[in-house]
1. All other residues with a Cβ under 15 Å from the Cβ of Gly162 taken together, and with Lys, Arg as +1 and Asp, Glu as -1, what is their net charge?
2. If I model a spin label as a point 7 Å beyond the Cα along the Cα-Cβ vector, how far apart are those points for Glu134 and Leu83 in nm?
3. Using amide H atoms built 1.01 Å from N in the peptide plane, name the residues 5+ places from His146, or on other chains, whose amide H lies under 5 Å from its own.
4. May I ask you to derive the relative contact order of the stretch 15-182, considering only C-alpha pairs under 8 Å and at least 6 residues apart, and to give it as an integer percent?
5. Within the stretch 88-160, report the trypsin sites (Lys or Arg not before Pro) that DSSP leaves as loop and that have at most 16 other Cβ atoms within 10 Å.
6. Looking at the calculated P(r) for the stretch 24-179, what percent of the C-alpha pair distances fall above 27 Å?
7. Using DSSP to define loop residues, name the chymotrypsin sites (Phe, Trp or Tyr not before Pro) in the stretch 46-151 whose beta-carbon has at most 16 other beta-carbon atoms within 10 Å.
8. Short version: ³J(HN,Hα) in whole Hz for each residue of the stretch 126-137, in order, from phi by Karplus 6.51 cos²θ - 1.76 cosθ + 1.60 (θ = phi - 60°), x for Gly and Pro, what are they?
Amino acid sequence: MSRTEDCAEILPLAEALPRPDEEVETGIFGTRFPRSLGFTLIAKVIPGREDVVRAYGTTIENLIKEQPHALAPLALHFLRWALFKDGDTTWFLYIGFFDTDFDKYIEDAVMLFKQAGINTIFEQLEGFPADWKENPAAFAKFAREHAAQPFMEYAEYPGVTGVETVKALNVKRALSTMLDQMQ
């Protein structure tokens, strides 16, 4: 059976963005990003903080080792951070895909960091608001001002949530175990 026959009901989707006739909804923190469940952010790292940013990757790695579901409230599918240089300036690239809308993601991120007692990596970026824990709207404004708006998006499994993916993998694993035991 070919891959396309096997996944006949869920077809990949590619969209050129933005669509001129598309109405963009307004959310709690302003205009929502069009259709995308995620965002890309590019911002300058405060000079001299590159090592702090890199070390934060280890902080998150250790958090997940200790509490595998610590970031679950964010409904993340994928998160990537990168640093790159342009002359003497170091830039931070954030790419995240999640199952909630932008407003909920910001609210959940602020709540999660407050509850976990950790700070966000964004504090190492120029212009990030110091009052972000009390003022999620300022966090959202920073994200919008530093967003790299997509002009094309592709989804291999559009509309499939992370929770649905995990459930499907658990069913596959259980079925596989059952079939192995029958042999």
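No value in this document is a laboratory result; all are computed from the given coordinates. The shown structure was predicted, so the numbers you read here are calculated from the model rather than taken from an experiment. Ideal geometry is used to build each Cβ from the backbone, glycine not excepted, and the neighbour counts take in all protein chains shown.
1. Working: positive: Lys104, Lys167; negative: Asp99, Asp101, Asp108, Glu156, Glu164.
Residues near Gly162 contribute -3 overall.
2. Those two pseudo-labels are separated by 3.1 nm.
3. When sequence neighbours closer than 5 places are left aside, there are no close amide H contacts.
4. On the way: 188 pairs, mean separation 50.4, N = 168.
Result for the stretch 15-182 is 30 percent.
5. Lys133
6. Details: 3456 of 12090 pairs.
Tail fraction, whole percent: 29.
7. On the way: sites: Tyr56, Phe78, Trp81, Phe84, Trp91, Phe92, Tyr94, Phe97, Phe98, Phe102, Tyr105, Phe113, Phe122, Trp132, Phe139, Phe142, Phe151; in loops: Trp132, Phe151.
Answer by residue number: Phe151.
8. Result, rounded to whole Hz: 4, x, 5, x, 5, 9, 4, 5, 9, 9, x, 5.
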